[in-house]
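A short write-up of the structure that comes next.
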Amino acid sequence: MPNLKHNAYRDSLVAHQTTADEYYMDMCGDDGMSNPCSSTTKTISDGAWVSPSADKWCIHMETLGKYIKDSFDLYSVDVSDAVAAEPEDIDVDTDTDNTWKVDWVDPATW
């Protein structure tokens, strides 16, 4: 008979997954389509600073926003994959390599 204990490490991963998703939605909107730097770029484009330098700066800001968006998206995918790979419970009698996950304390709560 299995001696199943709750996988606390998985809970920690789920918390990170939720945080990554929330940050992504805060930056990119509920549809995930917005660029987090778009409002700054729009302010410059619609403002008084009209020059080739401003245009170049706006292009760089849009690129930066894409990189930020992509990094949070990739982080979210990586964490989601890690969550999917973790069992909800650990059999502490047979899966001795993973018993540490039962006693895991999320460093974010220290």
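The values are calculated or read from the model by the stated rules, or taken from the named source; none is laboratory data. Just so you know, these numbers come straight off a predicted model, no measurement behind them. Virtual Cβ from ideal backbone geometry, glycine too; neighbours counted across all protein chains shown. Heavy atoms of the whole protein, side chains included, go into the accessibility calculation; ligands, DNA and RNA do not. Shrake-Rupley method; radii C 1.70, N 1.55, O 1.52, S 1.80 Å.
Would you mention how many residues in the range 99-110 are over 20 Å from the mean Cα position of the chain (by Cα), in a loop (DSSP other than H, G, I, E, B) and surrounded by 11 or more Cβ atoms within 10 Å (Cβ to Cβ)?
1
Can you spot a residue in the range 69-78 that is closer than 19 Å to Tyr23 by Cα and loosely packed, with under 11 Cβ neighbours inside 10 Å? Let's see the steps before the verdict.
Pass one, the range 69-78, residues closer than 19 Å to Tyr23 by Cα: 69-78.
Adding the requirement that they be loosely packed, with under 11 Cβ neighbours inside 10 Å leaves 70.
Checked against the condition, which is being closer than 19 Å to Tyr23 by Cα and loosely packed, with under 11 Cβ neighbours inside 10 Å, the range 69-78 yields at least one hit.
Any residue at all in the range 6-29 that's on the phi < 0 side of the Ramachandran plot, at pLDDT below 85, over 13 Å from the mean Cα position of the chain (by Cα) and open to solvent by 40 Å² or more (accessible area, probe 1.4 Å)?
Among the residues of the range 6-29, not one is on the phi < 0 side of the Ramachandran plot, at pLDDT below 85, over 13 Å from the mean Cα position of the chain (by Cα) and open to solvent by 40 Å² or more (accessible area, probe 1.4 Å), which makes the answer no.
So, restricting to helices (runs of 4 or more DSSP H) that lie completely within the range 1-98, which ones have at least 3 residues that are charged (D, E, K, R) and without any contact (Cβ under 8 Å) to a residue 24 or more places away in the chain?
Numbers: elements: 8-28, 38-46, 52-85.
In the range 1-98, 52-85 are the helices (runs of 4 or more DSSP H) which contain 3 or more residues that are charged (D, E, K, R) and without any contact (Cβ under 8 Å) to a residue 24 or more places away in the chain.
Is there a residue in the range 14-25 that is under 19 Å from Ile90 (Cβ atoms) and of a type in the set (A, V, I, L, M)?
Yes, because at least one residue in the range 14-25 is under 19 Å from Ile90 (Cβ atoms) and of a type in the set (A, V, I, L, M).
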